[in-house]
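The values are calculated or read from the model by the stated rules, or taken from the named source; none is laboratory data. Bear in mind that the values here come from a model prediction, so they are computed numbers and not experimental data. Here the Cβ positions follow ideal geometry from the backbone for every residue, glycine too, while neighbour counts run over all protein chains shown. Ligands, DNA and RNA are excluded from the accessible area calculation, which covers all protein heavy atoms including side chains. Shrake-Rupley method; radii C 1.70, N 1.55, O 1.52, S 1.80 Å.
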Amino acid sequence: MIGAGVLPFVIAGCGVRDSESAQVAGGQGLLEDHGFAGAGASEIIDQLEALPVVERPQDLIASVTATSLQLQDDAGREVELPLQSDQFYLSVAPFVESTHECTFHSLTTCRGELRTREVTVKVIDSSSGEVLEEGTRTTRDNGFLGLWLPRGIAAELTATLDELTGSASISTQSEDDLTCLTSLQLA
């Protein structure tokens with residue numbers, strides 16, 4: 001598990017609540033120093049995911065749990081920013097040959113096998129059959145693609161790359177639900 005134990009408040013694997021106000025322990029300076037002053041959790045997640053790996057901050061650990069974005073820098077400053085109550089962030093690293101175990105996605109350290117690859121994704125709500133996401137996505141430089149999903153659902157996620165396809169059951173119902181899906185093998 002990459003980054004496990006680094007933050008005292010839960011990072012497992014590669015680590016929010018109703019409003020986007022920060023629970024700060026010396027963290028306002030952390031947000032300002034990293035260019036995140038005034039940004040909410042979803043904005044920071046999207047900004048970090050969009051960065052090429054070589055541009056991601058080496059002095060920052062940024063992890064996404066089912067309810068928050070948790071940040072800690074080398075100076076020991078910490079910030080926890082809640083996710084909106086109706087949103088769930090799932091970062092998916094489809095793979096063909098190699099993967100790693102992960103529970104909570106680390107925006108700064110997690111790496112997947114398939115970097116900058118076009119993948120067709122479909123997410124279907126298991127209870128209603130409603131298609132929640134569908135289309136072609138390009139994995140980021142870190143090999144992951146991010147999905148903002150509704151909270152409180154169980155669904156089936158299918159990913160296709162060329163002639164390879166894989167599926168996985170996902171959930172956004174519990175605070176323990178994973179935000180880092182690294183078990184989606186394409187075969």
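A few remarks follow.
- DSSP bridge analysis restricted to the chain gives an antiparallel fraction near 95%, rounded to the nearest 5.
- If you plug the beta carbon distance of R115 and Q87 into 1/(1 + (r/R0)^6) with R0 = 25 Å, you get a FRET efficiency near 0.45.
- Computed from backbone phi, the HN-Hα couplings of region 84-90 come to 4, 5, 9, 10, 9, 9, 10 Hz, rounded to whole numbers (Karplus: 6.51 cos²θ - 1.76 cosθ + 1.60, θ = phi - 60°; Gly and Pro given as x).
- Surrounding net charge for T160, when Lys and Arg each add one and Asp and Glu each subtract one, Cβ distance under 15 Å: -3
- Surface/4 estimate of mean projected area, convex hull on alpha-carbon atoms of region 97-187, nm²: 5.8 nm²
- Karplus-derived 3J(HN,Hα), 6.51/-1.76/1.60, for each residue of region 154-162, Hz, glycine and proline x: 10, 8, 10, 9, 10, 10, 10, 10, 6
- Taking other residues whose beta carbon is less than 10 angstrom from the beta carbon of G29, and scoring Lys, Arg as +1 and Asp, Glu as -1, yields -2.
- These residues, T109, T116, T65, go from largest to smallest accessible area, 1.4 Å probe, as T116, T109, T65.
- Net charge of neighbours whose Cβ lies under 10 Å from the Cβ of V53, counting Lys and Arg as +1 and Asp and Glu as -1: +2
- In this structure the chain gives 44 Å² per residue of accessible area when probed at 1.4 Å with all protein chains present.
- Expected 222 nm ellipticity per residue - DSSP helices of 4 or more, -39500 (n - 2.57), all of the chain, to 500: -2500 deg cm²/dmol
- For the chain: Kirkwood Rh in Å [reciprocal of mean 1/r, alpha carbons]: 16.4 Å
- Each of R151, R140 has its accessible area taken with a 1.4 Å probe; listed largest first, they run R140, R151.
- Solvent-accessible area, 1.4 Å probe, carbon plus sulfur percent, for the chain: 45 percent
- Distance between the 7 Å Cα→Cβ label points at V54 and T136: 2.7 nm.
- Taking a ≥ b ≥ c as the square roots of the Cα gyration tensor eigenvalues, region 45-113 comes out oblate, since a/c reaches at least 1.5 and a/b does not exceed b/c.
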